[in-house]
Amino acid sequence: MTNRSTRRTVILATGASALLAGCSQYGDEDSSSDSSPKASSGEQLATTSDIPVGGGTIFKEQKIVVTQPTKGDFKAFSAICTHAGCTVNKVADGTIDCPCHKSRFSIEDGAVKGGPAPRPLPAEKITVDGNSIRLA
């Protein structure tokens with residue numbers, strides 16, 4: 001008996017490899033398994049006037065979204081969706097939105113408001129000193 005691959009084995013192996021490669025970066029060319037911020041602690045992200053009241057701003061490079069649910073109350077969350085690891089792309093109407101499968105998260109506490117996301121967005125630490133918002 002010879003030890004050779006059959007055509008079916010090669011096709012199955014190739015298909016499985018393609019499937020795994022396709023899922024590793026689903027929906028976001030910049031996504032990675034490391035969801036921690038790339039920015040160093042203490043780095044200024046924004047000024048308080050950059051974050052709209054009732055909305056927020058996404059810092060894609062740092063993988064953080066900063067919100068201001070009410071005037072003077074600033075929150076920060078991971079910008080990586082807990083469903084498929086895509087980067088959120090919009091803050092509107094009180095939610096942080098993911099483009100991949102339409103998960104939505106609260107700007108107040110990161111809680112899931114809709115979509116397939118299984119968990120809230122993890123909180124990130126920031127400090128607000130005067131009008132400067134920095135990573136903690």
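In the stretch 96-108, what residues are closer than 17 Å to ILE58 by Cβ and of a type outside the set (Val, Ile, Thr)?
Of everything in the stretch 96-108, those that are closer than 17 Å to ILE58 by Cβ and of a type outside the set (Val, Ile, Thr) turn out to be ASP97, CYS98, PRO99, CYS100, LYS102, SER103, ARG104, PHE105, SER106, GLU108.
Mind listing whichever residues of the stretch 56-73 are hydroxyl-bearing (Ser, Thr, Tyr) and more than 17 Å from ASN89 (Cα to Cα)?
THR70, the sole residue that qualifies.
Output the residues belonging to the stretch 58-72 that are closer than 19 Å to PRO120 by Cα and open to solvent by 40 Å² or more (accessible area, probe 1.4 Å).
ILE58, LYS60
Residues of the stretch 56-103 being among the small types (Gly, Ala, Ser) and within 15 Å of LEU45 (Cβ to Cβ), which ones?
GLY56, ALA76, SER78, ALA79
The values are calculated or read from the model by the stated rules, or taken from the named source; none is laboratory data. From a predicted model like this one, the values you see are computed outputs, not experimental measurements. Please note: Cβ atoms are built from the backbone with ideal geometry, for glycine as well, and neighbour counts cover all protein chains shown. The protein model used for the area step is the full one, side chains on, heavy atoms only, and it has no ligands, DNA or RNA in it. Shrake-Rupley method; radii C 1.70, N 1.55, O 1.52, S 1.80 Å.
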